[in-house]
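What follows is a set of notes on a single structure, which appears directly below.
The values are calculated or read from the model by the stated rules, or taken from the named source; none is laboratory data. Since the model is a prediction, treat every value here as computed from it, not as a measurement. Cβ coordinates were reconstructed from backbone atoms using ideal geometry, including for glycine residues, and neighbour counts include every protein chain displayed. Accessible surface is based on the protein model in full, side chains and every heavy atom, while ligands, DNA and RNA are left aside. Shrake-Rupley method; radii C 1.70, N 1.55, O 1.52, S 1.80 Å.
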Amino acid sequence: MTELPKPEIIFTHESDLDGLVAGLLLQKLAKKKFHKTVPLEAYHYNYWKQRDLRERAAWVTDFTFEARMDKPEWLVIDHHTTETPPKNAGLIHDVNKSAGLLCYELCKENGISSPKLDRLVHLNNVADLFLENDPDFVAATDYANLVKIYQFWNLHMLIGGEIENLLDHPLLEVMAVKRRIEDPLGFEWSKNNIAEISPTVGHMETLIGNTNLIVHQMLETKATKYAVLVTLFKRANNVVIASFRSRNGEALKVAEKFQGGGHANAAGALMPKAIRNVPDAVDYLRQILQPKTHASSVSQPFNNLESLFASIEAEKK
């Protein structure tokens, strides 16, 4: 049985279903093992990379293992590619399994399992690894879309912190209707609204529908010339999120240029706080990905790279 250090806190990824499933499973495991509710914190990649990891003992899931996590009494359960071998921390790692599945296997070692959890973890695994040939793929994408539409902490409160309550949730009916009606309309609209960021990256505008499925269809059917498609979303707090998708491993490389992370073909990044809207985010993407050709044609409020980076640095202080 895997040795488990007693955590002060559990960290997980805020942006998707896998982070929600994995984080709540670890909370369930910690409660059984140590008879206490361990606090759960969730972060987007950019904020996670900026966070000071000051805790003596922690469990981390659905984040790439890094040297700064390699501390005694830290346990990392993850599936992203890493080049850092653990020397002090515990690492449970498999690129062929979702973080949720890895956490569930750990739960089952400690006597935590049920038919509901079996089903939910399977659906999460299919969605997160984008196993399009699995017979449950369509249903799985509806589950994944719940987090995209309603967001991590809203769902967390709605299900009372019990991940089993997400199975067969009434909101899935909304996802099914949106998929049947909105996705075909959204695909046709988005196909005609792709703007060049660089010769290999295109910004795809979205209007309605499941963005992940629309982007996948766009790349799969080669309806666009770009190897990477980026979609941009502005949250209520004015934070702009960039989502990168590809078919041949290019997405992660692009996301890393913006301090983001994720999988080879599905990655994301938060735009700097100085970026307050989608048009400015498009300009910022162009400045980073093709600075030489874009330096003379940047829209306000950033008229050159120097002023943009100065604004970004000011936000960090």
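When the chain is described by a simple charge dipole with +1 on each Lys and Arg Cβ and -1 on each Asp and Glu Cβ, the residue from L172, S114, A266 located farthest towards its positive end is A266. Each peptide in 41-54, 270-283 gets a packing score, the mean of other Cβ atoms within 10 Å over its residues, and the list from highest to lowest is 270-283, 41-54. Using the Cβ-Cβ distance between N193 and D118 with R0 set to 25 Å, the FRET efficiency works out to roughly 0.05. Structural size metrics of the chain, computed from C-alpha coordinates, are Rg and Dmax of 19.9, 62 Å. Among A67, S198, V254, pick out the residue whose Cα is farthest towards the positive end of the charge dipole of the chain, where Lys and Arg carry +1 and Asp and Glu carry -1 on C-beta, about the Cα centre. It is A67, whose Cα lies furthest towards the positive end. Compared with the alpha-carbon gap, the fully stretched path from K222 to I288 is longer by 21.2 nm at 0.36 nm per residue.
Against the chain, whose longest principal axis is taken from its Cα atoms, helix 99-109 shows a tilt of about 0°. How big is the Kirkwood radius of the range 75-181, worked out from every pair of different alpha carbons and given in Å to one decimal? It is 15.2 Å. Taking the C-alpha atoms only, the angle from helix 278-289 to the longest principal axis of the chain is near 90 degrees.
With protein chains left intact and a 1.4 Å probe, residues in the range 95-241 average 47 Å² of accessible area per residue.
Would you mind classifying the range 43-94 by shape? Square roots of the alpha carbon gyration tensor eigenvalues, ordered a ≥ b ≥ c; an a/c under 1.5 is rounded, otherwise it is prolate if a/b is larger than b/c and oblate if not. It comes out oblate by the Cα gyration axes. Compute a Gaussian network model of the chain, connecting alpha carbons closer than 10 Å, and tell me which residue from S198, S114, S15 fluctuates the most. Answer for the Gaussian network model of the chain: S114. Using the Cβ-Cβ distance between K32 and Q151 with R0 = 25 Å, the FRET efficiency computed as 1/(1 + (r/R0)^6) comes to roughly 0.35. Pairs exceeding a 22 Å alpha-carbon distance, out of K49/K225; K87/K253; K6/K108: K49/K225; K87/K253. Inter-part distance, the range 89-109 to the range 229-266, computed on C-alpha centroids, equals 24 Å. Against the chain, whose longest principal axis is taken from its Cα atoms, helix 305-316 shows a tilt of about 30°. Name the residue, out of H169, H263, H35, whose mean-square fluctuation peaks in a Gaussian network model built on the chain with Cα pairs under 10 Å. Among H169, H263, H35, the largest mean-square fluctuation in the Gaussian network model of the chain belongs to H35. By the Cα gyration tensor, the range 1-88 has an equivalent ellipsoid whose semi-axes, rounded to whole angstrom, run 18, 16, 12 from largest to smallest. How large is ³J(HN,Hα), in whole Hz, for each residue of the range 183-200 in order, when computed from phi with the Karplus curve 6.51 cos²θ - 1.76 cosθ + 1.60 and θ = phi - 60°, using x for Gly and Pro? So the Karplus estimates, Gly and Pro as x, are 4, x, 5, x, 4, 5, 5, 5, 4, 9, 9, 10, 10, 6, 9, 8, x, 10 Hz. Each of the peptides 177-183, 68-74, 26-32, 8-14 was scored by the mean count of other Cβ atoms within 10 Å over its residues; in descending order, highest first, they stand as 8-14, 26-32, 68-74, 177-183. Using alpha-carbon positions, what is the distance between the centroids of the range 127-142 and the range 144-213, in Å? Distance between centres, Cα-based: 14 Å.
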